[in-house]
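Trainee: Have a look at the structure that comes next, please.
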Amino acid sequence: MTEKSYIVLREKLGVWESDRFMKILEAMFTPQEAEVCTELFSPATCTELSLRLNVEEGRMQEILDKLIDRGMLTRGKTQYGFHTSLLAFHHDAVADTAPHVGPHRIPDNVKKMWGEFFREEWYKEWIERQEKSQAAGGRNLPISPSITAIERSPNVSFDDLLPEENFKKKIEDAKRRIIAPCGCRVVWGVCDYPLMTCFATFDRPRGEFYLNQPGRILKEYTLAETMDIAREAEEAGLVHWGDCFCCACCCENLYPLTKEQRFDLMTPNRFAAIVDEGTCVGCQICIERCPFDAIEMRKGTGSKKYKAYVNLDKCKGCGVCIPSCNKNAITYQIVRPPEYITSQRPPVSSNGKPVRTVPVWGFYELK
């Protein structure tokens, strides 16, 4: 019989009734640890927890210390906090910011459980979420334009970009450039794409919280190193989406939609790849690289030779095809006005930061 504490923790994380996920919780926590984590969806001190759960304070401190050592909790000077969603739990406790070396690393059998859960169940929830958002008139985060593609496009300048599109400037302006390994590729990866590509910890309290803690492999980089990481990811064929450089074989964002060919649920950015027929030699490398089936071969204008052709209805503006073209036959063009982005900006508070009612990832500024 499944312990009640696991059921409550699953429900608090917003996970459906899943035998796979219950086995994950049972493998990662004792029933008492699961109960403690459930109490920490709101930050609390050791003393508060010991009173709530009727556990001697010294014993409670031992439990908390063990959970901290394993990367399961975040900790302030006196308060502790668990994670605010399934996504935060996966990233903070299991993947990119969790221990990967030493005695507290995630066991391979648990990683396998996570992979099976994602590829058999969780990916469907990602699709359902996007469907509901679209039905309600919303849209997901647009694909981010490629730095390398912009640099190779004479008709587009970084001065033409909106702030949220200019990832190069974000890198240049950052106070601290902290990068983590891709959580998806760490846990259930099946590819050889670059690993240190997660910018969810970049120039944020999240990264500063985990940096240099035992067992974690986040790292702080220089400006030049960070630019090299971004360009290497783009040239390898990874899609820059939000904080991630995504592959279609592992990414929690990209894998579900490419697996089911639900490109209609993906929001393109303001850019599109355009082919110069006169320069294109028909090598078809761009077709192999495009993750969205947006490129095909057609006979060129007034020619019997086949040239690459970009279907603008399918192109998401990722720019993956542009660095792969050895002849520089593909470049970016801006095909949508600024209002396409600015009209979807989230509300901001008086200090200019997005308004959020609860932490998206977890608690990094605990008391």
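Read-outs throughout are calculated quantities, based only on the coordinates presented, and are distinct from any laboratory measurement. The structure displayed is predicted, hence computed values, not measured ones. Quick reminder, even Gly has a Cβ in these numbers, built from the backbone with ideal geometry, and neighbours come from all protein chains shown.
Trainee: Would you work out which of S157, Y340, A95 lies farthest towards the positive end of the dipole of the chain, given +1 charges on the beta-carbon of Lys and Arg and -1 on that of Asp and Glu, about the Cα centre?
Mentor: Going by the charge dipole, the pick is S157.
Trainee: Rounded, prolate or oblate, given the Cα gyration tensor of segment 76-126, with a/c below 1.5 counting as rounded? If you can, show how the numbers build up before the last one.
Mentor: Working: a/c = 3.35, a/b = 1.34, b/c = 2.50.
Here segment 76-126 falls in the oblate category.
Trainee: Could you work out how far the C-alpha centroid of segment 207-242 sits from that of segment 286-338, in angstrom?
Mentor: Cα centres, segment 207-242 to segment 286-338: 28 Å.
Trainee: If you don't mind, another one. Using the basic label-point model (7 angstrom from Cα toward the beta carbon), what is the H104 to D264 distance in nanometres?
Mentor: Placing both labels 7 Å beyond Cα along the Cβ direction yields 4.7 nm.
Trainee: In whole percent, what relative contact order does the chain give with Cα contacts below 8 Å and a gap of six or more residues?
Mentor: Values: 608 pairs, mean separation 69.2, N = 367.
So the answer I get is 19 percent.
Trainee: Here's a follow-up. Given H placed 1.01 Å from N in the peptide plane, which residues other than close sequence neighbours of D96 have an amide H under 5 Å from its amide H?
Mentor: G183
Trainee: Same structure again: Ratio to report: Rg/Rh of segment 19-141, with Cα atoms as the point set and Rh obtained by the Kirkwood method; give two decimals. Intermediate results must be reported in sequence, preceding the final value.
Mentor: Numbers: Rg = 16.6 Å, Rh = 16.0 Å.
Dividing the radius of gyration by the Kirkwood radius yields 1.03.
Trainee: With the dipole of the chain worked out from charges on the C-beta (+1 for Lys and Arg, -1 for Asp and Glu) around the Cα centre, which of T222, G14, T45 lies farthest toward the positive end?
Mentor: In the chain, that residue is T222.
Trainee: Under 10 Å, Cα contacts only: if you run a Gaussian network model on the chain, which one of P268, P346, P145 comes out with the highest mean-square fluctuation?
Mentor: P346
Trainee: For a quick check of your reading of the filter: which GluC sites (Glu not before Pro) in segment 237-294 sit in a DSSP loop and have no more than 13 other Cβ atoms within 10 Å?
Mentor: Within segment 237-294, the qualifying GluC sites (Glu not before Pro) (loop, at most 13 other Cβ atoms within 10 Å) are E260.
Trainee: With the chain treated as a Gaussian network of Cα nodes joined by springs under 10 Å, which of T301, T267, T84 yields the largest mean-square fluctuation?
Mentor: Between T301, T267, T84, it is T301 that shows the largest mean-square fluctuation.
Trainee: Taking the number of other C-beta atoms within 10 Å as the exposure measure, put V281, V239, V110, V101 in order starting with the fewest.
Mentor: V101, V281, V110, V239
Trainee: Still on this structure, please answer the following. Lys and Arg at +1, Asp and Glu at -1: add these up for the other residues within a Cβ distance under 12 Å of H91 and post the number. Write down the numbers at each step before the final one.
Mentor: Details: positive: R206; negative: D92, D96, D243, E252.
Neighbourhood net charge equals -3.
Trainee: Which ordering of S5, S153 is given by a fewest-first count of other beta-carbon atoms within 10 Å? Please report the intermediate quantities before stating the final value.
Mentor: Details: S5 19, S153 23.
Listed from fewest to most nearby Cβ atoms, that is S5, S153.
Trainee: Can you count the Lys pairs in segment 4-82 whose Cα atoms are under 21 Å apart, with each pair 8 or more apart or on different chains? Walk me through the numbers before you get to the answer.
Mentor: Details: K4/K12; K4/K23; K12/K23; K23/K66; K66/K77.
Going through segment 4-82 pair by pair, I get 5.
Trainee: 222 nm [θ] for the chain, helices only, -39500 (n - 2.57) per DSSP H run of 4+, per residue, to 500? Don't skip to the answer; put the middle values down first.
Mentor: Values: 16 runs with 128 residues, N = 367.
Per the formula, -9500 deg cm²/dmol.
Trainee: Given H placed 1.01 Å from N in the peptide plane, which residues other than close sequence neighbours of F271 have an amide H under 5 Å from its amide H?
Mentor: Here V335 satisfy the definition.
Trainee: Moving to a separate point now. Expressed as a rounded percentage, what relative contact order does segment 126-262 have, with Cα pairs under 8 Å and six or more residues apart? Walk me through the intermediate numbers first.
Mentor: Values: 171 pairs, mean separation 38.5, N = 137.
Normalised by residue count, the contact order of segment 126-262 is 28 percent.
Trainee: Of K219/K259; K112/K259; K304/K327; K168/K316, which pairs sit farther than 24 Å apart, going by alpha carbon to alpha carbon? Numbers along the way, then the final one.
Mentor: Numbers: K219/K259 32 Å; K112/K259 19 Å; K304/K327 20 Å; K168/K316 19 Å.
Violating the 24 Å Cα-Cα cut-off are K219/K259.
Trainee: Please get the size of the charge dipole for the chain, origin at its Cα centre, with Cβ charges of +1 on Lys and Arg and -1 on Asp and Glu, quoted in debye to the nearest 20. Don't skip to the answer; put the middle values down first.
Mentor: On the way: 49 positive and 51 negative charges, 148 e Å.
Charge dipole, the chain, about its Cα centre: 720 debye, nearest 20.
Trainee: Indicate the gyration tensor shape class of the chain (rounded, prolate or oblate), computed on the Cα atoms with a ≥ b ≥ c the square roots of the eigenvalues: a/c under 1.5 is rounded; otherwise a/b larger than b/c is prolate and the rest oblate. Mind dumping the intermediate values first?
Mentor: On the way: a/c = 2.21, a/b = 1.94, b/c = 1.14.
It is prolate, given that a/c is not under 1.5 and a/b is the larger ratio.
Trainee: Please report T45, T148, T97 as a ranked list, fewest other C-beta atoms within 10 angstrom at the top and most at the bottom.
Mentor: Working: T45 18, T148 21, T97 28.
Placing the least packed residue first, the sequence is T45, T148, T97.
Trainee: Just tell me which aspartates and glutamates come within less than 19 Å, Cα to Cα, of K299; anything on the same chain fewer than 8 places away is out.
Mentor: Counting by Cα, and skipping residues close in sequence, K299 has these aspartates and glutamates nearby: D276, E277, E288.
Trainee: What are the ³J(HN,Hα) values, in whole Hz, obtained from phi via the Karplus relation 6.51 cos²θ - 1.76 cosθ + 1.60 with θ = phi - 60°, for each residue of segment 290-306 in sequence order, with x given for Gly and Pro?
Mentor: Listing the rounded values in order: 5, x, 10, 6, 8, 10, 9, 9, 9, 5, x, 4, x, 9, 8, 7, 7 Hz.
Trainee: Same structure again: Would you mind calculating the gained length between A136 and E220 on full extension (0.36 nm times residue separation, minus the Cα-Cα distance), in nm to one decimal?
Mentor: Full extension of this stretch gives 26.3 nm more.
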